[in-house]
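The values are calculated or read from the model by the stated rules, or taken from the named source; none is laboratory data. This structure is a prediction, so every number in the text was calculated from the model and none was measured. Virtual Cβ from ideal backbone geometry, glycine too; neighbours counted across all protein chains shown.
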Amino acid sequence: MTDMLTKRIKFILLILCLSYCIGCAQNQQDKGQPFSDPRAPIGDSLLTVPSTVKPLLDVWMRDTYVMLGPDGSYYLTGTTASPERKFDGQMHCWDYNDGLYLWRSPDLKHWESMGRIWSFDEDAAAWQKAGKLIKKGTTSLNGDPLDSMYRAVWAPELHYIKSKKKWLLIACLNGNQGSFVLESTSGKPEGPYRNIKGNEQHAIFDNIDLGAFEDDDGQVYLIGHNHYIARMKDDLSDVAEPFKRFKETPYSKEPYIEGVWLTKHHGKYQLLQTVWSVPTSNGQYTYLRKEKPGEQLHSYDVVVAESANIYGPYGPRYPAILEGGHNNLFQDKDGDWWSTVFFNPRGVMGKKFVQTCRPAVVPVKWERNRLKPDRKAAADFYSTINTK
């Protein structure tokens, strides 16, 4: 009995020793983990969307998206509400809308409507049309009364894939119903559009905010909410690999992040993401949220991280465009950079906007390879147009 007891004690001590060593190793790994600085520089006018920026159209829209097409025209889309719908309260699209709309401009100043270019009733597959029932009495994050079902299309992006000479229209469904990719069957940005093979029967990505990125070599990737990437097949019919997470430099406690966007500048990949800032007890602001009901949100900000490899690792994030979240970047005909804006009504910042949920653009620039608003260019641009 004594030998057996001795063996058991030795075994227990060995297990405890191994557990301690593993814990020490893990602690060392955690200590060595680099994190992004979560401080939000609220009040920095050089990083905040300038007050000269105004809505370009009196159209209710979130997630504004603009791109320059190969024909020299600019195209604008975004999350819209059904034009003919009657609302009990404020206009919104938390529950349902009727499809995707497109606008065109020769100069970013004068916009013409191209109408609805994809419709749930006329163009959607069965799984996209089905919708998802809403419990009676449900309200949105803003307190808006919701209708009978979730069947809205959100955050559309229009992409012209140069290497394939194809137009792709990418969007997601509300109610946790995933994202999808459409291709134009006419070779024109206004469509008509059909599902690519990868999402004829189901969502190609199981979350929201899907977009695309075409690299210098013509390879196309899908970029998904809020940290995911997958390379597409050469014919753009489906993904060629499972979605995987970017290698990132996170915050010490990752908050909710959305509105992911990928572009390239000075030969490096630029990963844009949107994070809410919140106040702290010492009068400062941070991107480390408590994620609790009633938490006071402040501003919807764009943060950027850079990498030499598309999959990462991406370096520390830095705040780039305060109050300009869920945006995309594009270059104009002169090669100058712009960002989209939509005046998010949530958070404290929303109270200062004369109008919310309207499409706008803001000139941006790269200083020492870091993104920020171009205040002078914004003042010059908006002084030349009537945005009433």
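Test of understanding: among Gly187, Gly218, which residue is assigned to a loop (DSSP other than H, G, I, E, B), at pLDDT 95 or above, closer than 13 Å to Leu236 by Cβ and not aliphatic (A, V, I, L, M)?
Gly218
Restricting attention to segment 341-352, which residues are free of Cβ contacts under 8 Å to residues at least 60 places away in the same chain, surrounded by fewer than 16 Cβ atoms within 10 Å (Cβ to Cβ) and either within 22 Å of Thr77 (Cα to Cα) or of a type in the set (Val, Ile, Thr) (or both)?
Within segment 341-352, Val348 is the sole residue that qualifies.
When you scan segment 121-139, do you find a residue that is buried (at least 21 other Cβ atoms within 10 Å of the Cβ), part of a loop (DSSP other than H, G, I, E, B) and touching a residue at least 40 places away in the same chain (Cβ under 8 Å), even just one?
Looking for residues that are buried (at least 21 other Cβ atoms within 10 Å of the Cβ), part of a loop (DSSP other than H, G, I, E, B) and touching a residue at least 40 places away in the same chain (Cβ under 8 Å), one finds none in segment 121-139, hence no.
Within segment 291-299, is even one residue basic (Lys, Arg) and either at positive phi or in contact (Cβ under 8 Å) with a residue 24 or more places away in the chain (or both)? Please lay out each step first, then the result.
Start the filter on segment 291-299 by keeping residues that are basic (Lys, Arg), which leaves 292.
Applying the additional criterion that residues be either at positive phi or in contact (Cβ under 8 Å) with a residue 24 or more places away in the chain (or both) yields none.
No - not one qualifying residue is present in segment 291-299.
Among the numbered criteria (1) under 14 Å from the mean Cα position of the chain (by Cα); (2) modelled with pLDDT of 95 or more; (3) buried (at least 19 other Cβ atoms within 10 Å of the Cβ), which one does Val278 miss?
The single condition Val278 does not satisfy is (1).
Only one of these is touching a residue at least 12 places away in the same chain (Cβ under 8 Å), over 21 Å from Arg62 (Cβ atoms) and assigned to a strand (DSSP E or B): Ala320, Ala305. Name it. Please lay out each step first, then the result.
Numbers: Ala320 fails: over 21 Å from Arg62 (Cβ atoms).
Checking each option against the conditions leaves just Ala305.
What residue, among those in segment 60-97 that are closer than 21 Å to Pro189 by Cα and charged (D, E, K, R), is surrounded by the most Cβ atoms within 10 Å (Cβ to Cβ)?
Asp63
For segment 240-258, name all the residues that are in contact (Cβ under 8 Å) with a residue 40 or more places away in the chain and either in contact with a Pro (Cβ under 6 Å, 6 or more places away or on another chain) or buried (at least 18 other Cβ atoms within 10 Å of the Cβ) (or both).
Listed by number, the residues that qualify are Phe246, Lys247, Glu248, Thr249, Pro250, Tyr251, Glu258.
What are the residues in segment 149-163 that are in a loop (DSSP other than H, G, I, E, B) and surrounded by 12 or more Cβ atoms within 10 Å (Cβ to Cβ), if any? I'd like the intermediate steps shown before the answer.
Within segment 149-163, the subset in a loop (DSSP other than H, G, I, E, B) is 152, 162-163.
Listed by number, the residues that qualify are Ala152, Ser163.
Please specify each residue of segment 178-190 satisfying the condition of being surrounded by fewer than 22 Cβ atoms within 10 Å (Cβ to Cβ), touching a residue at least 12 places away in the same chain (Cβ under 8 Å) and of a type outside the set (D, E, K, R).
Gly178, Ser184, Gly187
Considering only residues of segment 281-302 that are part of a strand (DSSP E or B) and of a type outside the set (S, T, N, Q), which is surrounded by the most Cβ atoms within 10 Å (Cβ to Cβ)?
Here the answer is Val302.
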